[in-house]
Structure formats: structure tokens, C-alpha cells
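Everything below concerns the one structure shown next.
The values are calculated or read from the model by the stated rules, or taken from the named source; none is laboratory data. This is a predicted model, so every value here is computed, not measured. Please note: Cβ atoms are built from the backbone with ideal geometry, for glycine as well, and neighbour counts cover all protein chains shown.
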Amino acid sequence: MSDHKLIFNSLPWTETAPGAREKAFVTAGKRLRLVEFTSEFREADWCTRAHFGYVMGGVLEIAFEKKKVVIGVAEGLAIPGGEAFKHKARAVTPTVQLFLVEEAG
């Protein structure tokens, strides 16, 4: 980062799971992530981490214990952390791109 400017194109992609990759940057206790899911991505376990972000491309489905929420381009997501908000994400379209701001750590 230079002059408070983060250039995601200069960061390498890191595969986080089959069908999922990210570019991540940590600063000031926050983790900024550009995330890409493909239709191959499947979460085996429930995620209990908080996620706050924006869908840049594609359509994402978030399954909670008792409901599903579909989030499309130019829509945001705000999922608090904890067991009460456990969730699993999947790409509805062949590819989904998200920008997320999360607590580092």
C-alpha cells in the first residue's frame, strides 16, 4: 500500500478452497478481501465469522439454518459473527466476486 491506496491488481490470488480464491490485505485491525467463488465452491462446515461486504459480480446465495438469502450485483451483505448467524455461501452464477471488510485475526 502506498499513499493510502491499495492496488488489488498487484496482490496475488490465493486459493482458499476448491472453487474459492482471494486477494487479502490487513491494516489497522481490518482485513480487506477481494473474494471470488465459482460454482465448484462448497462449504463443508458452517461459517460463524462475521462478514460485511459488497457483491461486485454474479449472484451469491447465503444459506442460514432456517432460510436462504440471495444477494446480487451492487447489493451488500452484513452477517454478524457467532453461532446464531452460522451460514454457508455458494455461487448461483458461474462466478461471484465480493469485496469484504472483516476484523483481522
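Pairing each residue of segment 59-75 that is closer than 9 Å to Lys88 by Cα with any residue that is assigned to a loop (DSSP other than H, G, I, E, B) and among the β-branched types (Val, Ile, Thr), provided the two are 6+ apart or on different chains, yields C-beta distances under 6 Å for Glu61/Val92. Criterion applied to Lys67, Lys23 was being within 13 Å of the chain's Cα centre (by Cα), of a type in the set (Lys, Arg) and modelled with pLDDT of 95 or more, and the one residue passing it is Lys23. Just need a number here: residues in segment 62-99 that are charged (D, E, K, R), touching a Lys or Arg at 6+ places or on another chain (Cβ under 8 Å) and loosely packed, with under 15 Cβ neighbours inside 10 Å. Of the residues in segment 62-99, 1 are charged (D, E, K, R), touching a Lys or Arg at 6+ places or on another chain (Cβ under 8 Å) and loosely packed, with under 15 Cβ neighbours inside 10 Å. Out of segment 23-38, which residues are touching a Phe, Trp or Tyr at 6+ places or on another chain (Cβ under 9 Å) and among the hydrophobic types (A, V, I, L, M, F, W, C)? Within segment 23-38, Phe25, Leu32, Leu34, Val35 meet the criteria.
Is it true that some residue in segment 6-18 is part of a strand (DSSP E or B) and either under 18 Å from Ala104 (Cα atoms) or among the hydroxyl-bearing types (Ser, Thr, Tyr) (or both)? Among the residues of segment 6-18, at least one is part of a strand (DSSP E or B) and either under 18 Å from Ala104 (Cα atoms) or among the hydroxyl-bearing types (Ser, Thr, Tyr) (or both), which makes the answer yes.
Do the conditions hold for Glu102, that is, is it in contact (Cβ under 8 Å) with a residue 60 or more places away in the chain and surrounded by 14 or more Cβ atoms within 10 Å (Cβ to Cβ)?
Values: in contact (Cβ under 8 Å) with a residue 60 or more places away in the chain: yes; surrounded by 14 or more Cβ atoms within 10 Å (Cβ to Cβ): yes.
Yes: the conditions hold for Glu102.
Quick test for you: out of Val26, Val55, pick the one residue that is surrounded by 15 or more Cβ atoms within 10 Å (Cβ to Cβ) and either in a loop (DSSP other than H, G, I, E, B) or of a type outside the set (D, E, K, R) (or both). Going through Val26, Val55 in turn, just one is surrounded by 15 or more Cβ atoms within 10 Å (Cβ to Cβ) and either in a loop (DSSP other than H, G, I, E, B) or of a type outside the set (D, E, K, R) (or both): Val55.
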